[in-house]
Amino acid sequence: MRFAFYGRMSTSEFQDARTSRAWQRSVSEELVEGVGEVVVEFFDEGRSRRWSWWERPAASALLAAAESRDREFDAVVVGEYERAFYGDQFRDVVARLNAVDVQVWLPEAGGPVELDSPVHLALMTLLGAQAQREVARARHRVWRR
(Lines give C-alpha, C1' and ligand atoms only; values in the text may rest on other atoms or scores of the structure.)
Protein backbone atom coordinates (compact mmCIF):
# COMPACT_ATOMS: atom_id res chain seq x y z
CA MET A 1 0.00 0.00 0.00
CA ARG A 2 1.29 3.48 -0.87
CA PHE A 3 1.00 6.09 1.86
CA ALA A 4 1.07 9.87 1.91
CA PHE A 5 2.56 11.23 5.13
CA TYR A 6 0.98 14.34 6.64
CA GLY A 7 2.67 16.32 9.39
CA ARG A 8 2.47 19.82 10.80
CA MET A 9 4.26 22.19 13.11
CA SER A 10 2.89 25.52 14.20
CA THR A 11 5.80 27.77 15.04
CA SER A 12 9.38 27.75 13.89
CA GLU A 13 10.29 29.98 16.86
CA PHE A 14 9.69 27.24 19.42
CA GLN A 15 10.26 24.09 17.34
CA ASP A 16 12.89 22.78 14.98
CA ALA A 17 11.31 21.91 11.62
CA ARG A 18 13.74 19.10 10.85
CA THR A 19 13.28 17.43 14.24
CA SER A 20 9.50 17.84 14.23
CA ARG A 21 9.16 16.41 10.73
CA ALA A 22 11.55 13.54 11.56
CA TRP A 23 9.74 12.28 14.66
CA GLN A 24 6.31 12.55 13.04
CA ARG A 25 7.53 10.75 9.93
CA SER A 26 9.25 8.07 12.04
CA VAL A 27 6.03 7.33 13.96
CA SER A 28 4.15 7.15 10.66
CA GLU A 29 6.65 4.79 9.06
CA GLU A 30 6.57 2.52 12.11
CA LEU A 31 2.79 2.33 11.91
CA VAL A 32 2.70 1.27 8.25
CA GLU A 33 5.74 -1.03 8.38
CA GLY A 34 4.90 -4.38 6.84
CA VAL A 35 1.77 -2.97 5.19
CA GLY A 36 3.25 -0.44 2.81
CA GLU A 37 5.53 2.55 2.58
CA VAL A 38 5.40 6.33 2.59
CA VAL A 39 5.85 7.50 -1.00
CA VAL A 40 4.94 11.20 -0.74
CA GLU A 41 5.06 13.79 2.02
CA PHE A 42 2.89 16.78 2.88
CA PHE A 43 4.15 18.93 5.77
CA ASP A 44 2.78 22.28 6.94
CA GLU A 45 5.07 24.68 8.80
CA GLY A 46 3.87 27.75 10.64
CA ARG A 47 0.20 26.78 10.44
CA SER A 48 -1.98 26.40 13.50
CA ARG A 49 -4.04 23.24 13.84
CA ARG A 50 -7.03 25.57 14.26
CA TRP A 51 -6.78 26.35 10.54
CA SER A 52 -8.91 24.03 8.47
CA TRP A 53 -7.16 21.61 6.13
CA TRP A 54 -8.39 23.71 3.22
CA GLU A 55 -6.52 26.74 4.65
CA ARG A 56 -3.20 24.94 5.15
CA PRO A 57 -1.02 24.75 1.99
CA ALA A 58 0.28 21.17 2.38
CA ALA A 59 -2.99 19.77 3.75
CA SER A 60 -5.02 21.33 0.95
CA ALA A 61 -2.49 19.99 -1.58
CA LEU A 62 -2.93 16.52 -0.05
CA LEU A 63 -6.73 16.78 -0.37
CA ALA A 64 -6.41 17.87 -4.00
CA ALA A 65 -3.93 15.06 -4.74
CA ALA A 66 -6.29 12.51 -3.17
CA GLU A 67 -9.01 13.50 -5.63
CA SER A 68 -6.69 13.16 -8.63
CA ARG A 69 -7.13 10.16 -10.94
CA ASP A 70 -3.40 9.52 -10.96
CA ARG A 71 -2.76 10.03 -7.26
CA GLU A 72 0.48 8.61 -5.89
CA PHE A 73 -1.02 7.11 -2.72
CA ASP A 74 -3.77 4.83 -1.45
CA ALA A 75 -3.90 6.00 2.16
CA VAL A 76 -2.78 8.87 4.39
CA VAL A 77 -0.78 8.32 7.56
CA VAL A 78 -0.55 11.03 10.21
CA GLY A 79 2.21 10.99 12.82
CA GLU A 80 0.05 12.37 15.63
CA TYR A 81 -3.62 13.31 15.79
CA GLU A 82 -2.99 16.54 17.71
CA ARG A 83 -0.54 17.76 15.06
CA ALA A 84 -3.08 17.35 12.28
CA PHE A 85 -6.55 17.98 13.66
CA TYR A 86 -8.48 20.32 15.92
CA GLY A 87 -11.99 19.99 17.29
CA ASP A 88 -14.28 18.35 14.74
CA GLN A 89 -11.97 18.65 11.70
CA PHE A 90 -11.11 14.97 11.72
CA ARG A 91 -14.54 13.65 10.76
CA ASP A 92 -14.84 16.03 7.79
CA VAL A 93 -11.35 15.28 6.47
CA VAL A 94 -11.66 11.51 6.85
CA ALA A 95 -15.12 11.48 5.26
CA ARG A 96 -13.79 13.45 2.29
CA LEU A 97 -10.80 11.13 1.88
CA ASN A 98 -12.89 7.98 2.35
CA ALA A 99 -15.27 9.24 -0.36
CA VAL A 100 -12.39 8.91 -2.84
CA ASP A 101 -11.29 5.53 -1.40
CA VAL A 102 -8.38 6.88 0.64
CA GLN A 103 -7.95 5.52 4.17
CA VAL A 104 -6.56 7.57 7.05
CA TRP A 105 -4.17 5.84 9.44
CA LEU A 106 -3.36 7.12 12.93
CA PRO A 107 -0.98 5.74 15.54
CA GLU A 108 -3.62 6.44 18.21
CA ALA A 109 -5.99 4.05 16.36
CA GLY A 110 -3.26 1.50 15.65
CA GLY A 111 -3.97 1.66 11.92
CA PRO A 112 -6.80 2.77 9.65
CA VAL A 113 -9.62 4.77 11.23
CA GLU A 114 -13.15 3.55 10.60
CA LEU A 115 -15.82 6.24 10.94
CA ASP A 116 -18.52 3.62 11.52
CA SER A 117 -16.68 2.16 14.52
CA PRO A 118 -18.09 3.37 17.87
CA VAL A 119 -14.67 2.82 19.44
CA HIS A 120 -12.92 4.94 16.81
CA LEU A 121 -15.58 7.67 17.05
CA ALA A 122 -15.16 7.82 20.83
CA LEU A 123 -11.37 7.92 20.44
CA MET A 124 -11.57 10.74 17.87
CA THR A 125 -13.93 12.74 20.12
CA LEU A 126 -11.48 12.41 23.00
CA LEU A 127 -8.49 13.32 20.83
CA GLY A 128 -10.36 16.32 19.40
CA ALA A 129 -11.05 17.63 22.90
CA GLN A 130 -7.40 17.12 23.87
CA ALA A 131 -6.26 19.02 20.78
CA GLN A 132 -8.51 21.96 21.71
CA ARG A 133 -7.12 21.95 25.24
CA GLU A 134 -3.55 21.85 23.91
CA VAL A 135 -4.20 24.90 21.70
CA ALA A 136 -5.43 26.83 24.74
CA ARG A 137 -2.43 25.70 26.79
CA ALA A 138 0.04 26.57 24.01
CA ARG A 139 -1.54 29.99 23.52
CA HIS A 140 -1.04 30.68 27.22
CA ARG A 141 2.63 29.57 27.08
CA VAL A 142 3.36 31.74 24.03
CA TRP A 143 1.67 34.82 25.48
CA ARG A 144 3.72 34.51 28.68
CA ARG A 145 7.08 34.60 26.87
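The values are calculated or read from the model by the stated rules, or taken from the named source; none is laboratory data. These figures come from a predicted structure and were not determined experimentally. Backbone-built Cβ (ideal geometry, glycine too); neighbour counts: all protein chains shown.
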Handout entry: Condition met for TYR86 (surrounded by 16 or more Cβ atoms within 10 Å (Cβ to Cβ), of a type in the set (Ser, Thr, Tyr) and modelled with pLDDT of 85 or more)
Key = no
Fill in the blank from the handout: Filtering region 1-52 down to residues that are within 16 Å of PHE73 (Cβ to Cβ), free of Cβ contacts under 8 Å to residues at least 60 places away in the same chain and either assigned to a helix (DSSP H, G or I) or in contact with a Ser or Thr (Cβ under 7 Å, 6 or more places away or on another chain) (or both) yields ARG25, GLU29, VAL38
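From the set of residues in region 89-131 that are assigned to a loop (DSSP other than H, G, I, E, B) and crowded, with 19+ Cβ neighbours inside 10 Å, which is modelled with the highest pLDDT?
So in region 89-131, the residues assigned to a loop (DSSP other than H, G, I, E, B) come out as 100-102, 110, 113-117.
Right, trim to crowded, with 19+ Cβ neighbours inside 10 Å and you get 102, 113.
Numbers: VAL102: 98, VAL113: 90.
Once the filter is applied, the top-ranked residue is VAL102.
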Practice task
Give the residue that is nearest to ALA64 (Cα to Cα), with candidates limited to residues of region 12-35 that are hydroxyl-bearing (Ser, Thr, Tyr) and either loosely packed, with under 13 Cβ neighbours inside 10 Å or modelled with pLDDT of 95 or more (or both).
Solution key: SER28
